1. Restricting attention to region 335-346, which residues are part of a loop (DSSP other than H, G, I, E, B) and either surrounded by 13 or more Cβ atoms within 10 Å (Cβ to Cβ) or touching a helix residue (DSSP H, G or I) at 6+ places or on another chain (Cβ under 9 Å) (or both)?
2. Would you mind telling me which numbered condition in (1) closer than 23 Å to LEU365 by Cβ; (2) open to solvent by 50 Å² or more (accessible area, probe 1.4 Å) VAL328 fails?
3. Can you tell me which residues in region 165-176 are modelled with pLDDT of 90 or more and either over 14 Å from LYS240 (Cα atoms) or among the small types (Gly, Ala, Ser) (or both)?
4. What is the one condition in (1) modelled with pLDDT of 85 or more; (2) more than 15 Å from THR159 (Cα to Cα); (3) polar (S, T, N, Q) that SER208 does not satisfy?
5. Enumerate the pairs (first residue in region 480-493 and in a helix (DSSP H, G or I); second residue anywhere and at pLDDT below 90) with beta-carbon separation below 6 Å, excluding pairs fewer than 6 apart on the same chain, so at least 6 apart or on different chains.
6. Identify all residues within region 197-217 that are exposed (fewer than 15 other Cβ atoms within 10 Å of the Cβ) and either touching a Ser or Thr at 6+ places or on another chain (Cβ under 8 Å) or on the phi < 0 side of the Ramachandran plot (or both); write none if there are none.
7. Would you confirm whether or not region 462-474 contains a residue that is modelled with pLDDT under 90 and charged (D, E, K, R)?
8. When region 116-143 is examined, which residues are found to be among the hydrophobic types (A, V, I, L, M, F, W, C) and in contact (Cβ under 8 Å) with a residue 40 or more places away in the chain?
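The values are calculated or read from the model by the stated rules, or taken from the named source; none is laboratory data. Everything quoted here is computed from the prediction, not taken from an experiment. In this analysis, Cβ positions are derived from the backbone assuming ideal geometry, glycine residues included, and neighbour counts consider all displayed protein chains. Ligands, DNA and RNA are excluded from the accessible area calculation, which covers all protein heavy atoms including side chains. Shrake-Rupley method; radii C 1.70, N 1.55, O 1.52, S 1.80 Å.
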Amino acid sequence: MKLSERLGARRAEGGEPMDPFSPATYDAADAAPASLATRAAEVGAFPPLPAGPVPAAAASGLGQRGRPVPPPAQALDPVGKLKEQATAQLFERIGSRLNEGTLDEELISGLVRQELNSIIEESSTPLTSEERRRIIREVEDNVLGLGPLEALLSDDTITEIMVNGADTIYVEQKGKLTRSPVTFDDEAHLRRVIDRIVSKVGRRIDESSPLVDARLMDGSRVNAIIPPLAVNGSTLTIRKFSRDALGVNDLIGFGTMTPDMADLLRACVQARLNILVSGGTGTGKTTLLNVLSSFIPSNERIITIEDAVELQLQQDHLVRLESRPANVEGRGEVTIRDLVKNSLRMRPDRIVVGECRGAEALDMLQAMNTGHDGSLSTVHANAPRDAIARLETLVLMAGMDLPLRAIREQITSAVDLIVQITRLRDGTRRVVAVTEVHGMEGQTVTLQDIFLFDYSAGLDANGKFLGRPVATGVRPKFADRFEELGIVLSPRVFGGNQEWLR
């Protein structure tokens with residue numbers, strides 16, 4: 001008699017319920033007891049489980065903390081297995097020579113290619129010529145380069161790479177975020193690539209120092225953060241820069257600025273106005289700062305100061321300074337503020353600070369007010385008025401306990417122009433305001449807009465903004481300096497139709 005029939009008969013007789021999991025429920029006349037899962041399924045305790053042992057997490061479909069468990073990884077194809085074997089054998093044969101660091105890149109690359117060909121020849125796996133090239137390329141990337149990131153770095157349409165973990169990589173293309181099909185083998189593979197990046201610029205990353213700013217050899221900016229700060233695995237963000245520095249004509253072609261705006265900004269740089277580029281994260285502040293810096297005459301001495309070197313100035317008389325974090329013992333840190341102070345003793349004609357984000361803002365303003373005209377910098381803010389408030393906050397971080405009015409007067413006398421750049425929702429980056437810092441009225445810093453973006457034109461069929469920056473018709477007070485210095489600027493730059501402003 002089946003267990004379900006026995007239980008049903010017992011209930012019909014009015015007897016006590018039987019425990020379906022008790023050995024007393026079964027007698028010798030029964031067939032061999034079924035598995036616990038089968039017996040429970042017969043009484044409706046829970047659905048039958050698949051045959052064979054099933055891990056508890058997999059049985060529930062949830063892992064630790066209730067997270068879904070991914071399906072089992074598929075077995076590697078023969079080419080993938082050979083790639084793993086070739087990588088392991090390569091490190092066994094020449095790993096010590098790679099770690100010595102005494103060979104240059106070309107010799108190492110030739111040695112790796114020679115050993116790889118030998119390993120593949122010794123393998124019994126049949127390969128086509130395309131598979132052979134693929135294995136050599138991917139193993140070279142893993143051993144000498146940045147692994148799966150090499151293909152993304154070589155794609156000029158990609159502007160940013162965001163690694164959220166070994167198996168999750170997103171990229172930004174034409175202002176839009178998409179998930180990339182490439183992945184790292186595992187967390188250890190990702191950590192090796194991060195270590196390779198930061199070690200080349202003299203930085204370190206480990207559990208005692210789990211986050212770092214660095215750069216690639218081409219100047220691309222890198223930020224890495226590892227566990228325990230990154231809970232779901234190591235994270236890597238790379239802000240790419242084009243191999244060829246963008247010029248003013250490129251930005252005009254992209255619609256970032258108009259020719260009239262470019263003429264005005266060129267005149268402002270040549271007239272040695274102090275300019276602040278304002279914008280949010282990823283809006284193109286550094287690219288715009290590069291373009292503005294290109295207007296600086298080649299006979300002037302320029303000193304750039306950055307957290308991680310990324311500016312691409314083309315002038316010959318150029319000194320590039322880079323801050324340095326503290327070492328393992330907590331010593332040796334050199335901040336942006338230290339470099340700004342030191343640059344004043346280096347006889348600069350222009351000081352270009354990659355970004356004001358701390359107490360160095362006070363030193364930068366003091367430099368602008370003490371004869372170092374023509375300085376350039378960037379700040380994180382969403383509007384020109386916000387940029388003023390941001391500067392006030394940064395100056396207060398210096399701990400000088402200055403009254404707010406004194407700070408605002410310092411800003412008003414130091415900063416001449418704010419250029420606001422924004423990434424619009426269609427993915428394009430546009431200069432949406434060119435604003436003069438006009439003066440003070442009571443306790444308020446007064447601003448006047450020279451160019452503003454015209455949003456009234458709407459969108460095209462593809463969702464792109466049709467508008468462009470338009471002159472407001474206001475003639476700035478610093479225009480008199482253009483005439484004094486003999487800088488010719490067409491009057492139409494300050495003209496334009498103002499009906500859209502009404």
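1. Passing the criteria: THR335, LEU344.
2. Among (1) closer than 23 Å to LEU365 by Cβ; (2) open to solvent by 50 Å² or more (accessible area, probe 1.4 Å), the lone unmet condition for VAL328 is (1).
3. GLY165, ALA166, ASP167, THR168, ILE169
4. (1)
5. PHE482/LEU489
6. Matches in region 197-217: SER199, LYS200, ARG204, ASP206, GLU207, SER208, LEU211, MET217.
7. Yes, that holds for at least one residue.
8. LEU127, ILE135, VAL139, VAL143
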